[in-house]
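Input: one structure, supplied below.
The values are calculated or read from the model by the stated rules, or taken from the named source; none is laboratory data. It should be emphasised that the depicted structure is a prediction, and the values quoted were computed from it without experimental measurement. Please note: Cβ atoms are built from the backbone with ideal geometry, for glycine as well, and neighbour counts cover all protein chains shown. With ligands, DNA and RNA removed, areas are computed over all heavy atoms of the protein, side chains included. Shrake-Rupley method; radii C 1.70, N 1.55, O 1.52, S 1.80 Å.
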Amino acid sequence: MTDTVFDAVVLAGGAARRLGGADKPGLRVGGRALLDRVLGACAAARTTVVVGPRRATVRPVTWAREQPPGGGPLAALSAGLRHTSAEVVLALSADLPFLDAATVRNLLEAAASAGTEGALLADADGHDQPLVAAYRAEPVRRELALLATEHGTLTGLPVRLLTQGLSLRRLPHHEASFDCDTWDDIGAARARIRDDGTVLDEWIAAVKAELGMELDVDRALLLDLARDAAHGVARPAAPLTTFLVGYAAALRGGAPEAVAQAAREAAALAERWAAEQDGSPAGTPAGPPS
């Protein structure tokens, strides 16, 4: 796990022409806006700058705007960098539905390697994704200044001109580098979110974001408790029991250990309840100590 101090610049001001001019950062995948999903992945940043029109976000950010608005990724990145001070800066587009904190950590660790000026993801076809990257800030500022001098402006310049001048590591990661440029991409992302193998994790993440929670959830523990309550008591007992466990954990301070302890106590109660119905010895009260 990296302890690198970093800032993040999220570019959220594109025209989304392939989406018919839709508000791409605000489009929802798995119940959450694309921008909010990206902000969740880089939540450990010391400062997060979003370059684009102001909007409601899942957490506080610093807002910036390139001049003129819509001036392209390099102009937007330069505008965002003016609000950062960390030696390492995460540069992200706002349309990455599957970026997560683990991938961010991998980028930061790779960027910290000796002899490199940053690290970026490569997609399934091996193409660089320069807006899913961690850069050392000083070389990026250097290259942006050189490009502005050479071309007279950063407006409209392709982002590949920046990466050509940097020594970078490349990390292949098809899923985290997937971005949403078209409605087909949005549809594919929404379908993948609902895949049986990941839907519960996605739902838990969405609920936590909606409720402003940072709690680590032991999914298996709570599902086992819900199953025991449903089978040993009655089916409606499952959601009621998990709610009461959550409420009890909150009264005890809300830490993960409080959730686990409350769940264990409720599971033991469900086991005793079921044992009474079965007439098994486990349903008899404990005798006095010998």
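Of the numbered conditions (1) under 27 Å from D201 (Cα atoms); (2) modelled with pLDDT of 95 or more, F98 fails exactly one; give the number of that condition.
Going through the list (1) under 27 Å from D201 (Cα atoms); (2) modelled with pLDDT of 95 or more, F98 breaks only (2).
Look through T4, T62 and report the one residue that is within 19 Å of the chain's Cα centre (by Cα), at pLDDT below 95, over 22 Å from D179 (Cα atoms) and open to solvent by 20 Å² or more (accessible area, probe 1.4 Å).
Details: T62 fails: at pLDDT below 95.
Sole residue among the options that is within 19 Å of the chain's Cα centre (by Cα), at pLDDT below 95, over 22 Å from D179 (Cα atoms) and open to solvent by 20 Å² or more (accessible area, probe 1.4 Å): T4.
This table checks each residue for (1) hydroxyl-bearing (S, T, Y); (2) more than 17 Å from V140 (Cβ to Cβ); (3) open to solvent by 10 Å² or more (accessible area, probe 1.4 Å); (4) touching a helix residue (DSSP H, G or I) at 6+ places or on another chain (Cβ under 6 Å).
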position	(1), (2), (3), (4)
Q67	no, yes, yes, no
T84	yes, no, yes, no
R105	no, yes, yes, no
A112	no, no, yes, no
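Hey, another quick one. Give the residues of segment 154-174 that are touching a residue at least 60 places away in the same chain (Cβ under 8 Å) and surrounded by 15 or more Cβ atoms within 10 Å (Cβ to Cβ), sorted by residue number.
Scanning segment 154-174 gives L154, T155, L157, V159, L161, L162, L171, H173.
Hey, among D216, D179, D184, which residue is within 22 Å of A94 (Cβ to Cβ) and open to solvent by 80 Å² or more (accessible area, probe 1.4 Å)? Don't jump to the end; show me each part of the working.
Values: D216 fails: within 22 Å of A94 (Cβ to Cβ); D179 fails: open to solvent by 80 Å² or more (accessible area, probe 1.4 Å).
Among D216, D179, D184, only D184 is within 22 Å of A94 (Cβ to Cβ) and open to solvent by 80 Å² or more (accessible area, probe 1.4 Å).
Is at least one residue of segment 53-62 part of a helix (DSSP H, G or I), in contact (Cβ under 8 Å) with a residue 40 or more places away in the chain and closer than 25 Å to D185 by Cβ?
Keep residues of segment 53-62 that are part of a helix (DSSP H, G or I), which gives none.
Within segment 53-62, not a single residue is part of a helix (DSSP H, G or I), in contact (Cβ under 8 Å) with a residue 40 or more places away in the chain and closer than 25 Å to D185 by Cβ.
So if I check each of R37, R32, which one is touching a residue at least 24 places away in the same chain (Cβ under 8 Å), open to solvent by 30 Å² or more (accessible area, probe 1.4 Å), within 23 Å of I186 (Cβ to Cβ) and of a type outside the set (V, I, T)? Even if it seems obvious, please write down each step before you answer.
Working: R37 fails: open to solvent by 30 Å² or more (accessible area, probe 1.4 Å).
The conditions single out R32.
Exactly one condition in (1) under 23 Å from G118 (Cα atoms); (2) assigned to a loop (DSSP other than H, G, I, E, B); (3) of a type outside the set (K, R); (4) open to solvent by less than 40 Å² (accessible area, probe 1.4 Å) is false for G13; which is it?
Only one criterion in (1) under 23 Å from G118 (Cα atoms); (2) assigned to a loop (DSSP other than H, G, I, E, B); (3) of a type outside the set (K, R); (4) open to solvent by less than 40 Å² (accessible area, probe 1.4 Å) is unmet by G13, namely (1).
Additional query: Considering only segment 132-150, state which residues are under 21 Å from A176 (Cβ atoms) and either at pLDDT below 95 or surrounded by fewer than 23 Cβ atoms within 10 Å (Cβ to Cβ) (or both).
R136
When the residues of segment 235-254 are narrowed to those that are outside any helix (DSSP H, G or I) and open to solvent by 40 Å² or more (accessible area, probe 1.4 Å), which ends up nearest to E276 (Cα to Cα)?
Step one: list which residues in segment 235-254 are outside any helix (DSSP H, G or I), which gives 235-236, 252-254.
Adding the requirement that they be open to solvent by 40 Å² or more (accessible area, probe 1.4 Å) leaves 235-236, 252-253.
Details: R235: 17, P236: 19, R252: 29, G253: 32 Å.
It comes out as R235.
Can you spot a residue in segment 68-83 that is modelled with pLDDT of 95 or more, part of a loop (DSSP other than H, G, I, E, B) and within 25 Å of K208 (Cβ to Cβ)?
no
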